[in-house]
Amino acid sequence: MRDQIELAVSEISKVLYGKQEQIKLALSCIFSEGHLLIEDLPGMGKTTLAHGLARVLGLDYQRLQFTSDMLPADILGVTIFDAPSNSFQFHSGPVFTQLLLADEVNRTTPKTQSALLEAMEERRVSLDGQTYPLPTPFFVIATQNPVTQHGTFPLPESQLDRFLMRIELGYPDTAAERELLKGGDPRSKLELMQPLISSEQLKQITEACSEVRVTDSIIDYLQRLVAHSRQAEEFSYGISPRGALALLSACRSWAYIEGRDYVLPEDLQLLIGPVIGHRLRAAEDIGSFSSDSLIQQLLNRVDVVG
Amino acid sequence: MKPVYQLTRSSMIWLVGSIVLVLIPFLPVLPLWLIVLAIVSLGWRLLVHIGRMNFPHWSVRLGLLLGVLIALLWELRSGATMSILVALLVASFLLKLTEMYQRRDALVVLYVAFLLCACSFLFYQNILMAFYGLLCLIVITACLNTVYRSQQNSDLWRPLRRSVVLYLQAIPVMLVLFLIFPRIDPLWQVDLDTGKAYTGLSDSMAPGDVSKLTRSAEIAFRVSFDGEVPPANLRYWRGLTMDQFDGHRWTRSESSVNAGPVIVHLSLPDTPPDTDYQYQIIMEPSGQRWRYALDRPISYPASMMMLPDFTLQSPEQLQQRIQYSVLSRTGKSRVDMSRTVKSRAGKPRAGKSGIGKSGSGSVKAQLSRSQRQRYLQLPVNGNDKARQLAQRWLVEQGNTPAFVKQMMQSFASDFSYTLQPPRLTGDRIDQFLFQTRQGFCGHFASASVFLLRSAGIPARIVGGYQGGELNPVDGSLTVRQYEAHAWLEYWFNGDWQRLDPTSVVAPSRLDQAADQLFSSQEGFLADAALMRSGILSRGWLKQIRQQYDSVNYSWHRWVLNYHQQQNGFLQRLLGEVTALKLIIFLLMPAAIMLTVVALNLLYRRRSRPDPLTRALNTLNRQLQGRNLQRRRGETVGSFCQRLSGQFPQLSTELKQLAGCYEKICYEGDESSALEKDFIAKVNYCCRQIRHQ
């Protein structure tokens, strides 16, 4: 099983050069049955990563480009009167898929955003008094532009909380970029990618991930982190219990991908950024701190050893 | 309109409970209108709480306040200052209820409730009240709890549980304070009941007075004997003697009270030892100076003095319950009126155990001229028939014993005993002796002394109590007001002889308990309905009452004794008791307790680290000098990796170290061998680093 995961990582690396860690993070997010938010500037490979993941996992996938004039019906679907059968028929929207790539989710209005986010949370769609379950598994990989860009509607905290992880891709390093430039358009390679992990295998992996061992030492460390985040003045509010659970779950998947059946404090330190970063908010007086430096501060102040 | 602080439902319930509980002990003390005010104001506040009524307008409140003040001033006429002051406190407590707008007001009400709870001890000090006071404290604290935790809490009983836990936690502090806190004498003496007369004997007696006392079942004093209890016919508790008669009342002459302590001291010849009775008396406040004792006290507390009539007297009026110990010698021969007791002058009074054994009994004591005059005093005229009767008897009988015998026979045959004698006017002795022939102990004693004195035999009235109810539970004797009695003593054969004419008129008065004897008489225990109905003197209720009396008695003994015990205890502990020593001694337990709490908190905060962490800390200390110690957020793995860069020769050990730690802490391998291995590796690394 782990061979296949390694294979998948290397396959995606063929279209997204030098981003092994981000690929593994994305995979561990999916293995923890969470939704992923990729945030970066345009043209950094967000969509490529999402595409690659969908292809490798062999999931049905739909891509949805969010725009400012989009309506909830454009995502969820509509009920239309069908003349021949003399009845209303539900035409499902693009959300009815196993993997939804929601491109530039912060370009659309809050109304449309919440329609999507509701589907993410409930894993079903309620329309005109009818409830339609979404297919399983159901993942959303959303991309968004940094909120400083024009024409964006930033997601509120409560909706950011629906995403298990938020990752950034960043510029590729020189060698990777050189390879990219020499290799030609990665999009064409995407079409050639074959599914490496079946949905049956995905289910098995998910189960195996949840069985990864977490010892008391890890729980102690996590609790110290949580307690510090709640007491420290730098944060306007601390890590929620849901955040702590999400972190632990992501750590298990990460450890599984790394080939371990136990979690290390290093996993926590690595994943706390992607998992907790978008759930924490700096206290206003030090608003200039980016959340990364805040989290680094948190890690530096909490002792790993009890 | 002021914003109204809404008490929670459970607060309101607990508040009503505390108010009712706190007020109950004051019901007998408070005027009736104040109880009505209590019901009205509490009801009003409850109606405000459920929203049926508004708070009273300020004019109504002002009116109520003025009304209460005027009524209290009116009550002040009766002069019972303390109960009026308490009534003022209660009234302000109740009026505060009608303006309880904010939490602060509720707190004021509760604090006053604490104060009232303490005030109730001004009126009752028995054991039941002690427990009742504790109950009040617990309920008030529960209410305080609900007020502070104002969030809607539907659990009604949780505050009570919390309060009980608080008091349980306070027990050690309470015990320490109880044991060592010095009992400071009050800075000023509070006269509790200056307006109200004490129930009990007074220092003058008209023949009908004593029968008033039979209306009351209040306790006069309690006695516990060290050895055996004297038989019923010896239980004559002498209080005072009265030697002056004005034709109506008997009083104590100035000279008998002011004669100073007795300088003659007793020596009792050949008295068998079984007639000595050692006993402790706990006397209820009487407002008088005399103290009761059996005839004849030969050892008594140094704070008292013995008057020439062998009664005990204290310099102060008795305002609060006291305990004292007396040794009395009651010769059996006294009852036969034949034994002689000799007084011998000279020996100074010793505080305790001043028993002179030296006398031989051959020399008979004589009354001095002035004493003789005093004990023969009669009004110049009046009661002529009685005087004639006495003269006739004296001529007929010749000597004193025969005279007395004649008199007693006459009482026994022609007179009857009643609590409701006809009213006497004019020549009262004549009227009693020749017309009504009905009376109470006072009448008989008074008439007898008159007859004796008319016949030239010195005599005096003795006031005190006769009898006492024996409590089988603890063997103590309870003497109640209805056992008040008057009898007489006459001078014969060199000593005062006790004579109780009532005993021949109503012989059962001596053997039976007074409550059984009088129970058919109208007026007996008129003020104590429960006792009168006899409910409390029958069957299991009687047993319960006796049990309670016994417990309460030992409570009083314990509380009263404690001051002395404490003094002794403190002295043994501290040597000479000084204020500084006491303060240090009081602060010490507090300091110890606080230290224990502080250490406990400290220990909990940084609990002892496990062996692995300790080993790591050792390594860290080793590295501190080189500024290479593990940083806070650094995992053991990355720490070891960093160290391998610094100490390449240790890199394999460090790698194993990290692996070992990972195995133990994160893989869950808890074998002790691994732990030992880890500690050994750390120690090895430490040594290597030190040598470098």
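The values are calculated or read from the model by the stated rules, or taken from the named source; none is laboratory data. All values derive from a computational prediction rather than experimental measurement. Don't worry about glycine lacking a Cβ; one is built from the backbone with ideal geometry, like all the others, and counts go over all protein chains shown. Only protein heavy atoms, including side chains, enter the accessible area calculation; ligands, DNA and RNA are left aside. Shrake-Rupley method; radii C 1.70, N 1.55, O 1.52, S 1.80 Å.
Placing pseudo-labels 7 Å out from each Cα toward the beta carbon at B:Val20 and A:Arg63 gives an inter-label distance of 7.8 nm.
In this rough spin-label picture, where each label sits 7 Å from Cα along the Cβ direction, the B:Ser78-B:Tyr548 distance is 2.5 nm. In this Cβ point-charge picture (+1 for Lys and Arg, -1 for Asp and Glu), segment A:211-301 has a dipole of about 200 debye about its Cα centre.
Go through B:Ala447, B:Leu76, B:Gly63 and say which Cα lies farthest out towards the positive end of the charge dipole of the protein assembly as shown; charges sit on Cβ, +1 for Lys and Arg, -1 for Asp and Glu. Positive-end residue among those listed: B:Ala447.
Between B:Ala170 and B:Glu218, the FRET efficiency estimated from the beta carbon spacing at R0 = 41 angstrom works out to 0.70. The residue list A:Ala50, A:Thr136, A:Ser85 was ranked by how far each Cα lies along the charge dipole of segment A:2-203 toward its positive end, using unit charges on Cβ atoms, and A:Ala50 comes out on top. Basic side chains Lys and Arg get +1 at the Cβ, acidic Asp and Glu get -1 at the Cβ, and with that the dipole of segment A:2-203 about its Cα centre reaches some 300 debye. Peptides A:173-183, B:374-384, A:15-25 ranked from most to least packed, by the mean per-residue count of other Cβ atoms within 10 Å: A:15-25, B:374-384, A:173-183. Within a Cβ distance under 15 Å of A:Ser198, other residues only, what is the Lys/Arg minus Asp/Glu net charge? Result for the local shell: -3. Dividing the radius of gyration of the alpha carbons in segment A:2-203 by their Kirkwood radius gives 1.00 for Rg/Rh. Gain on full extension, evaluated as 0.36 nm per residue between B:Leu115 and B:Ser204 minus their Cα-Cα distance, stands at 28.0 nm. Any idea what % of Cα-Cα pairs in the protein assembly as shown are farther than 46 Å? Within the protein assembly as shown, distances greater than 46 Å cover 60 percent of Cα pairs. Taking the average, over residues, of other Cβ atoms within 10 Å as the packing measure, peptides B:171-181, B:116-126 rank B:116-126, B:171-181 from highest down. Heavy atoms of chains A and B lose about 1400 Å² of accessible surface on contact, summed over both sides with a 1.4 Å probe.
Computed from the Cβ-Cβ distance with R0 of 60 Å, the FRET efficiency linking B:Arg369 to B:Ala591 stands at 0.25.
Electrostatic tally near B:Ile282: other residues with Cβ closer than 9 Å to its Cβ, Lys and Arg +1, Asp and Glu -1, net +2.
Annotation: peptides A:133-144, B:495-506, ranked by per-residue average of other Cβ atoms within 10 Å with the highest first, follow the order B:495-506, A:133-144. Peptide B:659-667 is shielded by partner chain Cβ atoms: per residue, an average of 5 of them sit within 10 Å of its Cβ. Can you give the FRET efficiency for B:Thr251 and B:Lys385, using 1/(1 + (r/R0)^6), R0 = 25 Å, r = Cβ-Cβ distance, to the nearest 0.05? Once the sixth-power term is evaluated, E becomes 0.55. Simple point charges give the picture: +1 on the Cβ of Lys and Arg, -1 on the Cβ of Asp and Glu, and for segment B:9-180 a dipole about the Cα centre of about 420 debye. For the protein assembly as shown, the per residue solvent-accessible surface stands at 49 Å², with DNA, RNA and ligands left out and a 1.4 Å probe.
With a threshold of 20 Å on the Cα-Cα distance, the over-threshold entries among A:Lys19/B:Lys663; A:Lys24/A:Lys203; A:Lys19/A:Lys203 are A:Lys19/B:Lys663; A:Lys19/A:Lys203. Potential lengthening of the chain between B:Phe434 and B:Leu46 amounts to 132.8 nm, from the contour at 0.36 nm per residue minus the alpha-carbon distance. Per residue of peptide A:257-266, the mean number of Cβ atoms on other chains within 10 Å of the residue Cβ is 4. Shielding of peptide A:214-223 by partners, expressed as the average count of other chain Cβ atoms within 10 Å per residue Cβ, is 3. Segment B:Leu177..B:Phe131, full-extension length gain: 14.8 nm, with 0.36 nm per residue of separation and the alpha-carbon distance subtracted.
Based on DSSP H segments of at least four residues, each scored -39500 (n - 2.57), chain A has a per-residue ellipticity at 222 nm of -14000 deg cm²/dmol.
Here the spin labels are modelled as points 7 Å beyond Cα on the Cα-Cβ line, and at B:Leu69 and B:Asn493 they lie 7.2 nm apart.
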